[in-house]
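The values are calculated or read from the model by the stated rules, or taken from the named source; none is laboratory data. These figures come from a predicted structure and were not determined experimentally. When we count neighbours, we look across all protein chains shown, and the Cβ atoms used for this are built from the backbone with ideal geometry, even at glycine. These area figures cover heavy atoms from the full protein model, side chains too; ligands, DNA and RNA do not enter into them. Shrake-Rupley method; radii C 1.70, N 1.55, O 1.52, S 1.80 Å.
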Amino acid sequence: MKPLLPFGELISSGWTQFTRDWKTNLELSIRILGASLLGFVATLLSSPLPAIGALVLRLIAVVAGAAMIVHTTIVLTDVIRKRDLSDEKVKYDDAKGRMLFWPFLWISILRSLATIGGLILFALPGIWMSIVFAFAPILLLDEGLRGNQALAASHQLVKGRWWQTFFRLLGSSAVTGFLMVTATLVIATFIGLFVGFDKSLTLATTGSSLGTQVSLVDGLQGILTGIIQAIFLPLIIIYQVKIYHSLKKTR
């Protein structure tokens, strides 16, 4: 087996693709913000309702928002996967996102159960499984594999190169995490120019009282989180796709 894509090249090429395709990707990832806005609206509307009514309304908003996020992730991943292999522009396919919604969700559930089970047994098995099965959702889009087949194929892809894969996933996550934290602080600082820096910092971190109801603050936090996710979700997926393609090419 050949060595995987060097870490420095992974980071630089991923950033190049991110800046090159930011407009197309943002048109899709901005839907994540829609899920956050849905939760914010549900929070506002549930305030005058009885406890059970407020709970039901928020639960509906959470389920609807999660469905939006899953669908957006499918379509965005498929676009980035194709774009990483070609210089030609790629049109996104919402119909494919709907068609693969349940298979994608099922793979995500299986991955989560396997990882959580490993963590319950001991931390290391959980970490091992999270890396081994990391590419199962991409294999659904790339090769049409579903359920356990996708998990098994991801395992075979990573087999013998776990540490190489681990450090690339960890390193790219660290880079993206740093950018997300920096962007959050920049946005919080901008908000602080209008509402005060102590309040904006609270909004970006703990969600404590800003002189309004805590539930409203939680809604505002959700919107801020949605903005950050909409901006950087494409970069997260780009790095995962590049590592996946590198694993396939060097097998």
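What nm value, rounded to one decimal, do you get for the distance between residue 182 and residue 87 when each label is placed 7 Å out toward the C-beta?
In this crude label model, residue 182 to residue 87 measures out at 2.9 nm.
Could you give the nm distance between label points at residue 63 and residue 95, where each point is 7 Å from its Cα heading toward the beta carbon?
The answer from the label model is 2.8 nm.
Tell me, what ³J(HN,Hα) does each residue in the range 115-131 have, in order and in whole Hz, if you take phi through Karplus 6.51 cos²θ - 1.76 cosθ + 1.60 with θ = phi - 60° and put x for Gly and Pro?
Calculated HN-Hα couplings, in order: 5, 5, x, x, 5, 5, 5, 5, 4, 4, x, x, 5, 4, 5, 4, 7 Hz.
Quick one: Cα centre-to-centre distance for the range 102-140 and the range 1-55, in angstrom?
The two parts, judged by their Cα centres, are 21 Å apart.
Please give the solvent-accessible surface of residue 251 in Å², to the nearest 10, using a probe radius of 1.4 Å with every protein chain present.
Near enough 120 Å² of accessible area.
Please find, in a Gaussian network model of the chain (springs between Cα atoms separated by less than 10 Å), the residue of 140, 119, 49 whose mean-square fluctuation is greatest.
Result: 49 has the largest fluctuation of those listed.
Go through 88-95, 227-234 and give me the packing order, highest mean Cβ count within 10 Å leading.
Numbers: 88-95: 11.6, 227-234: 20.2.
So the peptides 88-95, 227-234, ranked by packing, come out 227-234, 88-95.
Please compute the contact order of the chain in relative form: average sequence separation of alpha-carbon pairs under 8 Å and at least six residues apart, divided by the residue count, as a percent. Present the calculation step by step, with values, prior to reporting the outcome.
Working: 276 pairs, mean separation 79.7, N = 251.
Relative contact order comes out at 32 percent.
Nearest 20 debye, what's the magnitude of the dipole of the chain about its Cα centre given +1 on Lys and Arg Cβ and -1 on Asp and Glu Cβ? Provide the component values of the computation, followed by the final result.
Values: 22 positive and 13 negative charges, 139 e Å.
Charge dipole of the chain: 660 debye, to the nearest 20.
Show me 67-74, 132-139, 180-187 ranked by packing, highest mean number of other Cβ atoms within 10 Å first.
On the way: 67-74: 19.4, 132-139: 24.2, 180-187: 14.1.
Put in order of decreasing packing, that is 132-139, 67-74, 180-187.
Suppose each label sits 7 Å from its Cα in the direction of the beta carbon; what would the residue 149-residue 110 distance come out to in nanometres?
My value for the distance between the label points is 1.0 nm.
Please give the per residue accessible area of the chain, computed with a probe of 1.4 Å over protein heavy atoms only, in Å².
Numbers: 13420 Å² over 251 residues.
Roughly 53 Å² per residue, with all protein chains present.
Which residues does a label at residue 124 reach in the range 151-190, if reach means a backbone N under 14 Å from a point 7 Å past the Cα toward the Cβ?
From the range 151-190, the list is 163.
Using the Karplus curve 6.51 cos²θ - 1.76 cosθ + 1.60 with θ = phi - 60°, work out ³J(HN,Hα) for each residue of the range 167-177 in order, rounded to whole Hz, and write x for Gly and Pro.
Values, residue by residue: 5, 6, 5, 5, x, 5, 5, 5, 4, 5, x Hz.
Expressed as a whole percentage, what fraction of the accessible surface of the chain belongs to carbon and sulfur atoms when a 1.4 Å probe is rolled over the protein heavy atoms?
On the way: 9430 of 13420 Å².
Reported share for carbon and sulfur atoms: 70 percent.
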